[in-house]
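Trainee: Quick one: the structure is below, and I'll ask about it shortly.
The values are calculated or read from the model by the stated rules, or taken from the named source; none is laboratory data. Quick caveat: nothing in here was measured; it's all calculated off a predicted structure. Cβ placement follows ideal geometry from the backbone for every residue including glycine, while neighbour counts extend to all protein chains displayed.
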Amino acid sequence: MLQIVTPIFLATLVASHGHISNIVINGVSYDGWDINSYPYSSDPPVVVAWGTPNTSNGFISPDAYETDDIICHLNATNAKGHAVVAAGDKISLQWTTWPDSHHGPVITYLANCGDSCESVDKTTLKFFKIDGVGLVDDTEVPGTWGDDQLIENNNSWMVEIPPSIAPGNYVMRHELIALHSAGSENGAQNYPQCFNLQITGSGSDAPSGVLGTDLYSATDTGILVNIYASLSTYVVPGPTLYSGAVSISQASSAITATGTPVTGSGSGGASTTGAVTTTATTTSSNGASSTTSATTRASTTTSTTTSRSTTFTTTTSSSGGSASTQSVYGQCGGSGWSGATVCNSQATCTAYNNYYSQCIPTS
Ligand SMILES: *[C@@H]1O[C@H](CO)[C@@H](O)[C@H](O)[C@H]1NC(C)=O
Ligand SMILES: *[C@@H]1O[C@H](CO)[C@@H](O)[C@H](O)[C@H]1NC(C)=O
Ligand SMILES: *[C@@H]1O[C@H](CO)[C@@H](O)[C@H](O)[C@H]1NC(C)=O
């Protein structure tokens, strides 16, 4: 049974807004764009996330849907590096605390960049939708939404790269749309975040997509909508879901290593060469940043070489591996699950369906 407690909040206007602090691919965490420091730096660290010089940590309103700002956030600039991921793998996107009044859909797109997402012109990117979760349950207005599930999932969202997608360089555009004020024109708030990925695999699909500036219109039924009235249906805005998209249950991803963005040609694969730094302790984000700059300098002098530097973290603490109790937000059951089925003292094992049970904090 779905056991989500939905507190009924009125439309409190919360000033704090969110962004993605990091993404996790198979346990390897890559830093996002740090809005609180990078815009103030003349030489911010190389990250896999697109940057914005605008320090407001804000959103894009429907009256800006036809401007470039909707593509990857306000005056966004290309990420200077990318992460490598296999088609069929899952990526966990860690948001900063998301206000629980900000109900709305969680949507993820991909757009093929051609040769390089680090240099692609964002106005040419054509996005196709690989995930979209809108209204999940409307028993109690304003309902349970995709981003309520995100909050339940430690403010993170997991998305699967479709196995059928052709390998190549892609921008992943992940977005929350807050609908708490969307009953009035221009009231919706879009929070897009973009990341550069090099997807490997043997798929061959190249789905058609739409330009960022054509994704939404201010009067879409999923954009101009009063969520405080009972809704019989809610259509997630944007183009229709790609047929190869895979819907998954939400889970979080334990971080076991800190990844350094790949810079250079991005051709990757078996011919990839470059430094691998191994450390035995947890690397601070500052440490990762300095590794990144070193990598960048190295790849400048060998411009045809893809530099791939990953800082592996060896975790030897007793909390990992075959622990007999599962930690908060970890999986604790489901068909095929052979790990711990008992949660630690802070959490209760909650079944979402036959395939997935999760340790949800006991309130
Ligand atoms: C985008 O950049 C331009 C030029 O610097 C600036 O005038 C404008 O205010 C910026 N827009 C936003 C939304 O930050
Ligand atoms: C940042 O964006 C907001 C709109 O969200 C705009 O009002 C503000 O002027 C922008 N700031 C700068 C420095 O461009
Ligand atoms: C929950 O998110 C925080 C970051 O906001 C992270 O430090 C923590 O490891 C996450 N917990 C789990 C179980 O993933």
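Trainee: With the structure loaded, tell me whether residue 163 is under 14 Å from residue 131 (Cα atoms) and surrounded by fewer than 22 Cβ atoms within 10 Å (Cβ to Cβ) or whether it fails that test.
Mentor: Against the criterion (under 14 Å from residue 131 (Cα atoms) and surrounded by fewer than 22 Cβ atoms within 10 Å (Cβ to Cβ)), residue 163 qualifies.
Conditions (1) buried (at least 21 other Cβ atoms within 10 Å of the Cβ); (2) away from ligand 2 (no atom under 16 Å from the Cβ); (3) over 30 Å from residue 180 (Cα atoms), marked per residue:
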| site | (1), (2), (3) |
| --- | --- |
| 53 | no, no, no |
| 72 | yes, no, no |
| 76 | yes, no, no |
| 97 | no, yes, no |
| 101 | no, yes, no |
| 110 | yes, yes, no |
| 117 | yes, yes, yes |
| 120 | no, yes, yes |
| 127 | yes, yes, no |
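Trainee: Only one of 212, 264, 222, 269 is buried (at least 18 other Cβ atoms within 10 Å of the Cβ) and modelled with pLDDT under 95; which?
Mentor: So the residue among 212, 264, 222, 269 that is buried (at least 18 other Cβ atoms within 10 Å of the Cβ) and modelled with pLDDT under 95 is 264.
Trainee: Out of all the residues in segment 78-104, which are of a type outside the set (S, T, N, Q) and under 21 Å from residue 67 (Cβ atoms)?
Mentor: Listed by number, the residues that qualify are 79, 104.
Trainee: Looking only at strands (runs of 3 or more DSSP E) that lie completely in segment 10-121, which have at least 3 residues being within 17 Å of residue 253 (Cβ to Cβ)?
Mentor: Counting at least 3 such residues, we get 20-25, 28-31, 83-86, 90-95.
Trainee: Just one of (1) among the polar types (S, T, N, Q); (2) in contact (Cβ under 8 Å) with a residue 60 or more places away in the chain; (3) in the same structural domain as residue 29 (by TED's automatic domain parsing) trips up residue 184, so point out which.
Mentor: (2)
Trainee: Tally time: how many residues in segment 221-242 are free of Cβ contacts under 8 Å to residues at least 24 places away in the same chain and either within 16 Å of ligand 1 (Cβ to nearest atom) or within 21 Å of the chain's Cα centre (by Cα) (or both)?
Mentor: 0
Trainee: All but one of (1) surrounded by fewer than 22 Cβ atoms within 10 Å (Cβ to Cβ); (2) within 16 Å of ligand 2 (Cβ to nearest atom); (3) under 24 Å from residue 243 (Cα atoms) hold for residue 203; which doesn't?
Mentor: All conditions pass for residue 203, except number (2).
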